[in-house]
Amino acid sequence: MIDGGEAIRKLALNVARYTGLAPLAKPFVGGIGAILMLHRVTATPEKPNSVNSHLNIAPGFLDTLIADMKAGGYAFIGLDEAIERISSRGKGGQFAAITADDAYRDNMTEALPVLEKHRAPITIYAAPGLIDGTAYLWWDVIEDIVDRSSRLRLTTANGPTVIDCSTQGRKIQANARLTAWLTLEVREEEQGAALRELARSNGIELGTGRPGTLMSWDEIRAMAAHPLVTIGAHTINHRNLKRLSEADAQHEIDDVRRILKEKLGREPHHFAYPYGYASAVGCREVGFVRDAGYASAVTTRHGVLRAEHAGFLHALPRISVNGRYQSVAHIRTMLSGLTTPLANAGKMVVTI
């Protein structure tokens, strides 16, 4: 199945590349630096044809990208120093900070050797509920349920319905339907119970405990002790904060600091909003994070960093380095700043 939105984005990237617009625009709109966003980094994904395979890049590509950016004048620095440079409105030259969401084990086993080679720091945002296994990587759970079924029974607010999962194309549609159901129709606090009931009613037993793709607490502690690694907060349960009550949202933002300090011996200073798009984080959530005392917070909004972000340290954009755009040429175009207004209705300074 062709993703029309992805096709249009790749067309825009290629037009910018082949017309030579990107390198011409970079001195004017390239900003002061960029925060890169990773999820998984592995040469051997468990399901290479998964609907979630876009979350993964190969470690070889990460190696090539960092080398290319360094050759292009980027200094790779930790997030603490990046915040200092943003606050000083770009003094010190163009920089890049690497971040990774969810604490996947391959960040340690496959990404870290690449980072050590380049002496490139990384901030990894962890959600304790995911590590403990009390919260779900629901996008993987949905895919597992769909993969194991030819048809599914789903109970919705409008009554029961049957979802066809008999072919690969139908499975892709089923994943999309269940994602919409879980993230739009089911209350945020009830997602875990809804997933368990979906599995139970279709004769599927969900696994318990931490997913094997995520680091354990012992592994996260070892990573936290590494000189290149900073552990940040990703809420307690990877909740969409905008769908929560004020009290529940503040609990997710405030108490994750206490939990991570208890587990790791140090309090996190940096925060990543789960999902990070418009329907997951707005002014209320940014205010909660700022008031909680974090030094910075990142969204998933696409954009380079500009001097003006000194006034928006709790709503910083990132450049997603993912499997859909696993091309140095594509990332160069994104880093030029040319795609920032294209992805954000003309906005050059991307916040929320």
| task | Starting from residues that are of a type in the set (K, R) and more than 29 Å from R89 (Cβ to Cβ), keep the ones in the stretch 18-57 and report whichever is surrounded by the most Cβ atoms within 10 Å (Cβ to Cβ). | result | R40
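Residues being assigned to a loop (DSSP other than H, G, I, E, B) and either among the β-branched types (V, I, T) or more than 19 Å from the chain's Cα centre (by Cα) (or both): count how many of those fall in the stretch 49-69. Before the answer, list the steps.
Step one: list which residues in the stretch 49-69 are assigned to a loop (DSSP other than H, G, I, E, B), which gives 49-52, 58.
With the extra rule that they be either among the β-branched types (V, I, T) or more than 19 Å from the chain's Cα centre (by Cα) (or both), the set shrinks to 49, 51.
Residues that pass the stated criteria total 2.
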| note | Contact list, first residue from the stretch 33-58 and in contact (Cβ under 8 Å) with a residue 40 or more places away in the chain, second anywhere and assigned to a strand (DSSP E or B) and open to solvent by 30 Å² or more (accessible area, probe 1.4 Å), beta-carbon distance below 7 Å, six or more apart or interchain, is M37/T300; M37/S320; L55/R40; N56/R40
| Hey, does the stretch 260-268 have a residue that's open to solvent by less than 10 Å² (accessible area, probe 1.4 Å) and within 28 Å of R105 (Cβ to Cβ)? | yes
| Quick one: how many residues across the stretch 212-234 are part of a loop (DSSP other than H, G, I, E, B) and either within 22 Å of T299 (Cβ to Cβ) or within 17 Å of the chain's Cα centre (by Cα) (or both)? | 3
| request: Report yes if A280 is small (G, A, S), crowded, with 18+ Cβ neighbours inside 10 Å and either in contact with a Gly (Cβ under 8 Å, 6 or more places away or on another chain) or modelled with pLDDT under 95 (or both), otherwise no. | output: no
| Under the condition of being among the small types (G, A, S) and in contact (Cβ under 8 Å) with a residue 60 or more places away in the chain, which residue from the stretch 179-231 is least open to solvent (accessible area, probe 1.4 Å)? | S216
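Restricting the search to the stretch 257-273, which residues are under 15 Å from H314 (Cβ atoms) and touching a residue at least 40 places away in the same chain (Cβ under 8 Å)? Explain how you work it out, then say what you get.
Step one: list which residues in the stretch 257-273 are under 15 Å from H314 (Cβ atoms), which gives 257, 268-273.
Correct list: H269, H270, F271, A272.
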| request: Can you confirm whether the stretch 59-79 contains a residue that is touching a helix residue (DSSP H, G or I) at 6+ places or on another chain (Cβ under 8 Å), under 30 Å from A176 (Cβ atoms) and β-branched (V, I, T)? | output: no
| request: Could you list all residues from the stretch 134-157 that are of a type outside the set (A, V, I, L, M), in contact (Cβ under 8 Å) with a residue 40 or more places away in the chain, closer than 20 Å to N52 by Cα and not in a helix (DSSP H, G or I)? | output: Y136, R148, S149
| query | Which residues, taken from the stretch 22-41, are farther than 20 Å from M215 by Cβ and part of a strand (DSSP E or B)? | reply | G33, A34, I35
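Which of the residues spanning the stretch 70-110 are open to solvent by less than 40 Å² (accessible area, probe 1.4 Å) and in a loop (DSSP other than H, G, I, E, B)? Please lay out each step first, then the result.
As a first pass, look at the stretch 70-110 and keep what is open to solvent by less than 40 Å² (accessible area, probe 1.4 Å): 74-79, 82-83, 85-86, 90, 93, 95-104, 106-107.
Once the filter is applied, which keeps residues that are open to solvent by less than 40 Å² (accessible area, probe 1.4 Å) and in a loop (DSSP other than H, G, I, E, B), the stretch 70-110 yields Y74, I77, G78, G90, G93, D102, A103.
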| message | Which pairs turn up if I take residues in the stretch 83-106 that are of a type in the set (S, T, N, Q) and look for partners that are at pLDDT 95 or above and part of a loop (DSSP other than H, G, I, E, B) with beta carbon separation below 7 Å, at least 6 apart in sequence or on another chain? | response | Q94/I32; Q94/G73; Q94/Y74
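May I ask you to say which residue of T19, T64, T44 is of a type in the set (S, T, Y) and closer than 30 Å to I142 by Cα?
Details: T19 fails: closer than 30 Å to I142 by Cα; T64 fails: closer than 30 Å to I142 by Cα.
Going through T19, T64, T44 in turn, the sole match is T44.
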| Which residues, taken from the stretch 95-123, are within 17 Å of the chain's Cα centre (by Cα) and on the phi > 0 side of the Ramachandran plot? | D102, A103
| request: Scan the stretch 111-126 and give yes if some residue there is at pLDDT 95 or above, open to solvent by less than 50 Å² (accessible area, probe 1.4 Å) and assigned to a loop (DSSP other than H, G, I, E, B), otherwise no. | output: yes
| field | Flag if T155 is of a type in the set (V, I, T), out of contact with any Phe, Trp or Tyr (no Cβ under 9 Å at 6 or more places or on another chain), over 22 Å from G337 (Cα atoms) and at pLDDT below 95 | value | yes
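The values are calculated or read from the model by the stated rules, or taken from the named source; none is laboratory data. Predicted model, so just to flag it, every value in this text is computed and none were measured. Using ideal geometry, Cβ is built from the backbone for each residue, glycine included, and neighbour counts are taken over all protein chains shown. Heavy atoms of the whole protein, side chains included, go into the accessibility calculation; ligands, DNA and RNA do not. Shrake-Rupley method; radii C 1.70, N 1.55, O 1.52, S 1.80 Å.
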